[in-house]
Amino acid sequence: MTVTAAQGFLASGVAAGIKESGEPDLALVVNRGPSRAAAGVFTSNRVQAAPVRWSRRVLAGGRISGVVLNSGGANACTGPAGAEDTRVMAEHTARAVGVGPDEIAVCSTGLIGVPLPMDRVTAGVDAAAGRLSPERGVEAAVAIRTTDSVHKTAVVAGPGWTVGGMAKGAGMLAPGLATMLVVLTTDADVTGAALDSALREAVRTTFDRVDSDGCMSTNDTVLLLASGASGVAPDPDAFADAVHSVCLDLARQLVADAEGASKEIEVEVICAASEGDAVTVGRSVARNNLLKCALHGEDPNWGRVLSAIGTTSAVFDPDRLDVAINGVWVCRDGAAGESRDKVDLSGRRITITIDLRSGDASAVIWTNDLTAEYVHENSAYSS
């Protein structure tokens, strides 16, 4: 169940001393081929970290042989010095694993605006390179954690080929992408174009539908690397489905581990005039702090759902809206429906279903409740 489940990949994770806590904070993932095809999706935030800019350029070459990732420092908004530090990370990693620096992607996560301790970073790269193994995927997943309470991995096995991956992310979770670093791997024999197509479609309906707190990061990176080591060229649709399944699994793990969360909330919008309308409505509901507080208090306050829907430009008739919370249709035709006393919110998972009665499109957005723990985590110290 790790990023090295696919043949041809090695990984490791070490404590390089980037984090003051002394916890693991640097990871390597290396593709030993024979293929080095790759695809990637990055944050759409206009303020982008130096590692994002570097990795975009690397990906333009169509090949990635390795990824160096660090937690404990985002290397974002660090000026020309930060760009130079990213180059040094790539070049040092390239020498350590025996490839060119133009085939090394760099990912960083942590506090914005603080330079990385490069002497510790380069020493950590050397240590991690010396530990590379197909058995150390969990090490890598642990080393990229920031405020995550658990490491996150997923695997889907196809007929003779595998897709695996790891992710980090617990706060600043919003679309385009979220505060996430994700490395996906496959031993399938797939072209770069096919990787790009499968990844973009998967991200569009998984990571891009996670909306924990409406905050977009500067460092988000999702990479998909193919080694071709299985020698199997999969059915394109089956491969795309596997990539989607791994991304969905990891996306749900991100929401489950969101900072301070006590409820995992699925907002399903059905019968919308367009998918865009469904996403817009779902996102408006997912970002409604009044509703998120109500659900934390186990109050099925459907009025807050309707008020959130009403702020959008989606096509609907306010007098024909239906809303169900955990299967109870508490709102019918824009007014009270079944008794809200029937709604059981004692469990961790909550589903809100919104029927716009305007078409046949649908979408799902994943979010969580708003808790005192979230406020504490983002006010008591820098993260």
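Could you give me the percent of Cα pairs per 5 Å distance bin for the range 1-113, shortest bin first, beginning at zero and ending with the bin that holds the maximum distance?
Result returned by the calculation: 2, 12, 21, 24, 21, 13, 5, 1.
May I ask you to list the lysines whose Cα is less than 29 Å away from that of Lys168, ignoring any residue fewer than eight positions away on the same chain?
Reachable lysines: Lys19, Lys152, Lys263, Lys292.
Residues in the range 280-307, backbone N under 15 Å from the label point at Ser262 (7 Å along the Cα-to-beta-carbon vector): list them, ranges by number please.
292-300
Can you give the convex hull volume per residue for the Cα atoms of the range 70-111, as a whole number of Å³? Present the calculation step by step, with values, prior to reporting the outcome.
Values: hull volume 2.5 nm³, N = 42.
Residue-normalised Cα hull volume stands at 60 Å³.
Which one of Leu223, Ala286, Cys247 has its Cα pushed farthest toward the positive end of the charge dipole of the range 175-310, where Lys and Arg give +1 and Asp and Glu give -1 at the Cβ?
Checking the options against the dipole of the range 175-310, the answer is Ala286.
Taking the solvent-accessible surface of protein heavy atoms with a 1.4 Å probe, what is the per residue accessible area of the range 206-270 in Å²? All intermediate terms of the calculation are to be shown ahead of the outcome.
On the way: 1730 Å² over 65 residues.
Per-residue value: 27 Å².
How much length is gained on full extension from Ala60 to His376, taking 0.36 nm per residue of separation minus their Cα-Cα distance?
Numbers: separation 316, 0.36 × 316 = 113.76 nm, distance 4.08 nm.
My answer for the length gained is 109.7 nm.
Quick one: length gained pulling Asp126 to Asp237 fully straight, 0.36 nm per residue minus the C-alpha distance?
36.0 nm
Report the rotationally averaged projected area of the chain based on its alpha-carbon convex hull, in square nanometres.
18.1
Give me the net charge of Leu181's neighbourhood, meaning all other residues with Cβ under 9 Å from the Cβ of Leu181; Lys, Arg count +1, Asp, Glu -1. Please report the intermediate quantities before stating the final value.
On the way: positive: Lys168; negative: Asp220.
Surrounding charge for Leu181 is 0.
Mean separation of Cα pairs under 8 Å and 6+ residues apart, divided by the residue count of the range 323-366: what relative contact order is that in percent? Don't jump to the answer; show the numbers that get you there.
On the way: 41 pairs, mean separation 17.5, N = 44.
Taking the mean separation of contacting Cα pairs over the length of the range 323-366, I get 40 percent.
Sequence-distant or interchain residues sharing an amide H contact under 5 Å with Ser227, placed H: which?
For Ser227, the qualifying residues are Thr186, Asp187, Ala188.
Given a cut-off of under 8 Å on Cα pairs at least six residues apart, what relative contact order in percent is computed for the chain?
Numbers: 1051 pairs, mean separation 69.1, N = 383.
For the chain, the relative contact order is 18 percent.
Mind grabbing the base-10 log of I(q)/I(0) for the range 79-187 at q = 0.10, 0.14, 0.20 Å⁻¹? Debye formula, identical points on the C-alpha positions, no solvent, two decimal places.
Evaluating at q = 0.10, 0.14, 0.20 Å⁻¹ gives log10 I(q)/I(0) of -0.35, -0.69, -1.33.
Using a 10 Å cut-off on Cβ atoms, rank the peptides 95-105, 136-146, 244-254 from the highest mean neighbour count down.
On the way: 95-105: 19.0, 136-146: 25.5, 244-254: 22.0.
The densest-packed peptide leads the list: 136-146, 244-254, 95-105.
Taking a point 7 angstrom from the Cα of Ala336 along the C-beta vector, which residues in the range 280-300 have backbone N less than 17 Å away?
Hits in the range 280-300 for Ala336 at 17 Å: 299-300.
For the range 90-133, report the % of Cα-Cα distances exceeding 15 Å. Don't jump to the answer; show the numbers that get you there.
Numbers: 468 of 946 pairs.
The proportion of pairs with Cα distances above 15 Å equals 49 percent.
Between the range 65-92 and the range 261-294, what is the C-alpha centre distance in whole Å?
Centre-to-centre distance over Cα atoms comes out at 36 Å.
For Asp299 and Ser346 in one chain, what is 0.36 nm times their gap in residues minus the Cα-Cα distance, to one decimal in nm?
Numbers: separation 47, 0.36 × 47 = 16.92 nm, distance 1.00 nm.
Between Asp299 and Ser346, full extension yields 15.9 nm more.
The values are calculated or read from the model by the stated rules, or taken from the named source; none is laboratory data. Please read all numbers here as calculations on a predicted model, not as lab measurements. Heads up, the Cβs are rebuilt from the backbone with ideal geometry, glycines too, and the neighbour counts pull from every protein chain shown. With ligands, DNA and RNA removed, areas are computed over all heavy atoms of the protein, side chains included. Shrake-Rupley method; radii C 1.70, N 1.55, O 1.52, S 1.80 Å.
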